[in-house]
Each structure stands twice: as structure tokens, then as C-alpha cells.
Amino acid sequence: MFFAEKNPAIPLSLYVHIPWCIRKCPYCDFNSYGISAPGAFPESRYIAALTADLDTSLPFVGGREIRSVFFGGGTPSLLSGEGIARLLSVIRERLSLSPSTEITLEANPGAVESGKFAVFSSAGVNRLSLGIQSFDANCLKAAGRIHDDKEAYRAVEIAALNFPVFNLDLMYGLPRQTPEQVETDIGRAIRFSPAHLSCYQLTLEADTAFGISPPELPDADACADMQELVEEKLAAAGYRHYEISAFARPGKECVHNLNYWTFGDYLGIGAGAHSKLTRVGQERFEIFRQTRWRRPERYIEEALSGCAVEESFRIVEDDLPLEFMMNALRLTEGFDVALFETRTFLPFARIESILAEASTKSLLKHSGGRTRPTLQGQRFLNRLLAMFA
């Protein structure tokens, strides 16, 4: 077993999952559950469960500084402003956060309240991620979103007033969407000057409403045109394409997601949350994953009894190259030799033959100690990753 002699501290992030939304989108396969009305979920009990979950997790992360905090879902903005403030107080009491720690909260335009956003901001949330998906009323309706174009515009305006940094999430390849509509969406988003844009192609996932009853989607060629259009328009507007689906103003990349993509550690609390954590000793290491109970009520019961984790397992050595590549090869600039060795504790020689083969297939470029996916490698990432399985 190779063991790196000098292993710098592996960065650690905290993810907090809020599993409720007003209505589950037909394409969504996240662990989320629709509610009958805003506030129709056990907020106080859930916060108590999250607190208990964090308390029982402290032995795994105690003493390590938290690089970022991310409230994801579901729709975290459904929580009251007081609820978010209470959670952040709990987190600060138990973990080490600096004044500059990135704290992100996801929100959907159909669940935006200007007064609540002001409380979120005063509580310490310094980055908002808005799931706009489109500014086109017809596209939003076809995608099954609960908000319309007017609510989308209003949500961005409120975000800009309350948060120093905000992200906009857009989708393309929506039912019956045209490249012209995508171009219009990108133009409208740019006019708001967000620090960060995430632009994803809609994919049909099994066991979702769209997966079971697929809508009419643009064909592969049209989606490829949309992707190229998005990349060209955002590059011209000064956004750096730093990850397959992520674009940012210089210095405004998402710290939380970058930690995932560079194979950093993260503690996930909340219903169905996942963790990836590393224990490093004098002569050995252990990288393991945890999964919390998925159903909210079951999670609450188990967390309050000190048993929030449903499954925990060590990542075996043979799986580490693929685990690393599934993240690092999403970055357009790739990774260097040192990152692979210090995050997996494996020698770079372990993957050199695979890198050479991928290079001959024009999926990777490796030079100067750095490995990058080519444009073809980005477009066919699953094919590239299969080489490391």
C-alpha cells in the first residue's frame, strides 16, 4: 500500500439536506417530498433531528475547519428564517467556521418571500442558488415547474437585493424547447449579472414522472447545438467554464462544489444525505461513505435516538481511482498528480496506463503533471470514466 509521506489537511464541507418541496418536479430524482402547503412539515422536529445527527457525527469531524456549508433539497427556502438562523447557530456552536466560510442556500422561485430572504442573509447565508430553469413561461409549464416567468424575474431581483453572491440554475433540452428559446434564456440571465450559472441538460431518470411517461424532448443534435450555444454566449459574457455544467465570474466559483470535484471530504446530515470522510493515521488511512435514512419521519426518529446513519462502508482501494475520477474529470482544467496522490493515498503510477490509453482515444490530455479531459472527453464523460472501473 502506497502511503503519501506528506498529506495536507483534506478540506471538509457540511451539507444539510431539507427534503420537502411544494411539489416534486416530474424530472426530479432527488430525495424530496411534496407538501400540501407551505409550513406543512415538522420544521422544529426536523431541526432537532439535524442537531442530534450533527452531535453524533462530531467524533468524525471534530477539530476540522468547515470550508463551506450548503443547504440543499428539496427546497431549503421553505424553512422559516428563524429555522435557518437556529440551524446556523447550532452549526457554529459545534464546528469551526471562519467569517469567510461560504454558506449557500437553495431556493425555488415558487417559494420566495422577500422578508424571509432578508432573515436568511442576516443569519449568515452569503450565497443563494436559485432554481430558475427557464425564463420562458411555456418552457416552465412544459417542465412541470410551479413558478412562471414573472415569479422567476421577481425571485432574481429579490436575490440580488439580499445576497452578495447568487447563482442561477438553468436547464436546456426541455420539452419542445428550441435553441432560440435557450439563447433568450441565457441572454436574460446574463442581464442580471449573476456571479455563477449552472446550465444542465434535462435527462430522464427512472422512477420519475418523466421517466415513466416521457415527454417530447429535443433530439440529440438540437441538444448539442444548445450546449454549444450556452458555452459560447457565457464565454463571450466573461464567464469561465470551469466544470462541465458550471460557469462563473473570476473568483466566484462555488467553493462547496469544488470541494466535491477535488475529492475533498464532506459531512452530509439530513434525510438521505451522503457523507465522504477520511481518517488519516500515522501509517494508514481510511476513506468511507455514509448514508442517512431516506424517509423524513424515519430519519427524524433514528436521528433523535442517535442512529441517523443507515449505512456506512469503507471505500476499497481498487475503487478509489474511479471514485476520484468521477469528480475530478468534471473539471475542465482537470487535476494534477499531487491531488490524486494526496486524496486517494495511491501512487500516480496506479493509473498511468489508463491515462495513456485514454489519451490515444483523444479523451484526455496529460502533460506537465496535469491531466485534463479533452472536449470529446467532456462530451463523453461516461465512456471515459468506464475506463477506470
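The values are calculated or read from the model by the stated rules, or taken from the named source; none is laboratory data. Quick caveat, the model's predicted, so the values are computed rather than measured. Cβ sites come from the backbone with ideal geometry, for glycine too, and all protein chains shown count toward neighbours. All accessible areas refer to the heavy atoms of the entire protein, side chains included, with ligands and DNA or RNA removed. Shrake-Rupley method; radii C 1.70, N 1.55, O 1.52, S 1.80 Å.
Details
- The set of residues in the stretch 82-102 that are without any contact (Cβ under 8 Å) to a residue 40 or more places away in the chain, more than 26 Å from Ile146 (Cα to Cα) and not in a loop (DSSP other than H, G, I, E, B) comprises Ala85, Arg86, Leu88, Ser89, Arg92, Glu93, Ser96.
- Test result for Phe335, among the aromatic types (Phe, Trp, Tyr), at pLDDT 95 or above and crowded, with 17+ Cβ neighbours inside 10 Å: yes
Here is a yes/no grid of residues against (1) open to solvent by 10 Å² or more (accessible area, probe 1.4 Å); (2) within 21 Å of Asp265 (Cβ to Cβ):
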position	(1), (2)
Pro42	yes, no
Leu50	no, yes
Gly62	yes, yes
Phe70	yes, yes
Gly74	yes, no
Leu78	yes, no
Gly83	no, no
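- Residue in the stretch 276-290 that is modelled with pLDDT of 95 or more and part of a loop (DSSP other than H, G, I, E, B) present: no
- Every pair of residues 6+ apart whose Cβ atoms lie under 8 Å, when the first sits in the stretch 53-76 and is among the charged types (D, E, K, R) while the second is in a helix (DSSP H, G or I): Asp53/Ala303; Asp55/Arg94; Arg67/Val255; Arg67/His256; Arg67/Asn259
- Every residue from the stretch 67-100 that is more than 26 Å from Phe41 (Cβ to Cβ) and out of contact with any Gly (no Cβ under 8 Å at 6 or more places or on another chain): Leu97, Ser98, Pro99, Ser100
- Filter result (out of contact with any Phe, Trp or Tyr (no Cβ under 6 Å at 6 or more places or on another chain), touching a residue at least 40 places away in the same chain (Cβ under 8 Å) and open to solvent by less than 50 Å² (accessible area, probe 1.4 Å)) within the stretch 276-286: Thr278
- Test: Ala236 is at negative phi, among the small types (Gly, Ala, Ser) and either open to solvent by 30 Å² or more (accessible area, probe 1.4 Å) or in contact with a Leu (Cβ under 8 Å, 6 or more places away or on another chain) (or both): yes
To keep it simple, each residue is scored yes or no on (1) touching a His at 6+ places or on another chain (Cβ under 6 Å); (2) over 30 Å from Leu50 (Cβ atoms); (3) free of Cβ contacts under 8 Å to residues at least 24 places away in the same chain.
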position	(1), (2), (3)
Arg292	no, no, no
Glu311	no, no, yes
Glu317	no, yes, no
Leu322	no, yes, no
Leu329	no, yes, no
Val337	no, yes, no
Thr360	no, yes, yes
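- When restricted to residues that are out of contact with any helix residue (DSSP H, G or I) (no Cβ under 6 Å at 6 or more places or on another chain), open to solvent by less than 20 Å² (accessible area, probe 1.4 Å) and closer than 21 Å to Ile186 by Cβ, the stretch 88-126 contains 0.
- Of the residues making up the stretch 161-186, those that are loosely packed, with under 15 Cβ neighbours inside 10 Å and closer than 24 Å to Phe70 by Cα number 2.
- The number of residues in the stretch 103-142 that are part of a strand (DSSP E or B) and charged (D, E, K, R) comes to 2.
- Residue check for Asp221: without any contact (Cβ under 8 Å) to a residue 24 or more places away in the chain and surrounded by fewer than 19 Cβ atoms within 10 Å (Cβ to Cβ): yes
- Applying the condition of being open to solvent by less than 10 Å² (accessible area, probe 1.4 Å) and among the small types (Gly, Ala, Ser) to the stretch 130-147 and asking which residue is farthest from Ala246 (Cα to Cα) yields Ala143.
- Filtering the stretch 292-333 to residues that are basic (Lys, Arg) and in a loop (DSSP other than H, G, I, E, B) leaves Arg294, Arg295, Arg330.
- Checklist (1) open to solvent by 70 Å² or more (accessible area, probe 1.4 Å); (2) in a loop (DSSP other than H, G, I, E, B) applied to Ser353, failing item: (2)
- Filter result (in a loop (DSSP other than H, G, I, E, B), more than 20 Å from Glu231 (Cα to Cα) and of a type in the set (S, T, N, Q)) within the stretch 356-382: Ser362
- Filter pass, Ala189 being open to solvent by 20 Å² or more (accessible area, probe 1.4 Å), closer than 27 Å to Leu258 by Cβ, in a helix (DSSP H, G or I) and not β-branched (Val, Ile, Thr): no
Yes or no, residue by residue, for (1) within 21 Å of the chain's Cα centre (by Cα); (2) among the hydrophobic types (A, V, I, L, M, F, W, C); (3) at pLDDT 95 or above:
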{"residue": "Ser114", "(1), (2), (3)": "no, no, no"}
{"residue": "Asn126", "(1), (2), (3)": "yes, no, yes"}
{"residue": "Cys139", "(1), (2), (3)": "no, yes, yes"}
{"residue": "Asn162", "(1), (2), (3)": "no, no, no"}
{"residue": "Val165", "(1), (2), (3)": "yes, yes, yes"}
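- Arg330 open to solvent by less than 70 Å² (accessible area, probe 1.4 Å), out of contact with any Leu (no Cβ under 6 Å at 6 or more places or on another chain) and modelled with pLDDT of 95 or more: yes
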